[in-house]
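Have a look at the structure below before the remarks.
The values are calculated or read from the model by the stated rules, or taken from the named source; none is laboratory data. Owing to the predicted nature of the structure, the values given are computational and were not obtained by experimental measurement. All Cβ positions, even for glycine, are placed from backbone atoms using ideal geometry, and neighbour counts span all protein chains on display. To get the accessible areas, we keep the full protein, side chains included, count just its heavy atoms, and leave off ligands, DNA and RNA. Shrake-Rupley method; radii C 1.70, N 1.55, O 1.52, S 1.80 Å.
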Amino acid sequence: MTKTIITLKKADLTLGNVAARVHVLKGIDLDIQAGEAVGIVGPSGSGKSTLLMVLAGLERLDSGEIIINDAPLHSLSEDALADFRGKNIGIVFQSFHLIANMTALENVAVPLELANVRDAFDIAKAELTAVGLGERLNHYPGQLSGGEQQRVAIARALAPSPSVLIADEPTGNLDTETGRQIADLLFAKQAERGMTMLLVTHDNALAARCSRQIRVRSGEIVSDGAGHVSAQAVPA
């Protein structure tokens, strides 16, 4: 029987100061099963990226509940939430967020070291090799192409062996062919590891590769159904 890995109950969030308050999420209820690949789509300002940040444990709800892997994120302290996120949730951003004065190897290994993971550099080397960067370990972000930088970011997200992988517009800063390669890599790793993947994208074709699509508008889920899954991606 498939396990429910993520639950949102009446998730509500308002952002901004008093003069410009925006009701971003409006009482959202959502269940996501372990191993699902979920595409989250919607127009700009719909709340889809904020929803993703809530699911990543990076944004606190005003009210409601969020439960991931049986942990009630809405009631955890900041330290406990950061610890949970570091062990259970991998995050890939559109803008890579690599540290410029660290090599690819260091960018992947240092977060593991900070989390007191043993053999951090060995794990980092293995993950970078697995995403096709075994020959680029000692290169700095400025010496890497955009696609290579995103591969480093993916390796960093996968290094703690998270049960949930979150990707916010992961191909948004890449050309079409490089974006396709990165998408292939993400779907291949999700299938290989049996992770739950949540993917925010403006690209309907990319969202359609997910087993499920959720459409958000004005802070509410307006549709929730199966995607049109493409043929098995070949690892890039």
Point to revise | Dipole-positive endmost among PRO111, PHE187, ALA124 within region 100-236 (Cβ charges, Cα centre) | key: PHE187
Exercise for review: Convert each backbone phi in region 128-142 into a coupling constant with the Karplus relation 6.51 cos²θ - 1.76 cosθ + 1.60 (shift: θ = phi - 60°), then list the ³J(HN,Hα) values in order as whole Hz, x for Gly and Pro.
Suggested key: 5, 5, 5, 9, x, 10, x, 9, 10, 4, 9, 8, 8, x, x
**Study point:** Stokes-Einstein diffusion coefficient of region 1-93, Kirkwood radius over Cα pairs, 10 °C, 1.306 mPa s, in µm²/s
**Key:** 113 µm²/s
**Study point:** Rough spin-label spacing in nm, given labels placed 7 Å along Cα→Cβ, for VAL110 and HIS202
**Key:** 3.1 nm
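I need the Kirkwood Rh of region 35-149: take the reciprocal of the average 1/r across all distinct C-alpha pairs and report it in angstrom.
16.3 Å
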Check your understanding: In whole Hz, what ³J(HN,Hα) sequence does region 34-46 give by Karplus (6.51, -1.76, 1.60; θ = phi - 60°), x for Gly and Pro?
Key -> 4, x, 6, 10, 10, x, 10, 10, x, x, 4, x, 6
**Study point:** Listed pairs LYS3/LYS48; LYS26/LYS48; LYS48/LYS125; LYS10/LYS87; LYS26/LYS189; LYS26/LYS87 exceeding 22 Å between Cα atoms
**Key:** LYS3/LYS48; LYS48/LYS125; LYS10/LYS87; LYS26/LYS189; LYS26/LYS87
**Study point:** Additional length obtainable on full extension of the chain from GLN33 to ARG118, 0.36 nm per residue less Cα span
**Key:** 27.6 nm
Point to revise | Top of ASP83, ASP12, ASP168 by mean-square fluctuation, Gaussian network on the chain, Cα under 10 Å | key: ASP83
Study note, to complete from the structure: For region 119-236, the Cα gyration tensor yields equivalent-ellipsoid semi-axes (√(5λ), largest first, whole Å) of 27, 15, 13
Review point. Out of ALA82, ALA124, ALA20, any idea which swings most in a Gaussian network model of the chain, alpha carbons joined below 10 Å?
Key: ALA20
Review point. What is the extension gain from GLU192 to THR2, computed as 0.36 nm multiplied by their sequence separation minus the C-alpha to C-alpha distance, in nm to one decimal?
Key: 66.7 nm
Point to revise | Nonlocal amide H pairs with GLN94, under 5 Å, H built at 1.01 Å | key: ASP168
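In square nanometres, what is one fourth of the surface area of the convex hull spanned by the alpha carbons of the chain? Each step should come with its number before you reach the end.
Numbers: hull surface 53.2 nm².
Dividing the Cα hull surface by four gives the mean projection, 13.3 nm².
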Point to revise | Amide proton proximity set for ASP62, modelled H, under 5 Å, gap of 5+ | key: ASP12, LEU13, THR14
Revision key, fill the gap. With every protein chain in place, the accessible area of LYS87 for a 1.4 Å probe, in Å² rounded to the nearest 10, comes to 120 Å²
Study note, to complete from the structure: Projected onto the charge dipole of the chain (unit charges on the beta-carbon of Lys, Arg, Asp and Glu, signs +1, +1, -1, -1), the Cα from ILE91, LEU206, VAL222 with the largest positive-side position is that of VAL222
Check your understanding: Where nothing but the Cβ of Lys and Arg (+1) and of Asp and Glu (-1) is charged, how large is the charge dipole of region 57-198 around its Cα centre, in debye to the nearest 20?
Key -> 280 debye
Exercise for review: Tally up the carbon and sulfur contribution to the accessible surface of region 104-236 as a whole percent, 1.4 Å probe, everything protein left in place.
Suggested key: 48 percent
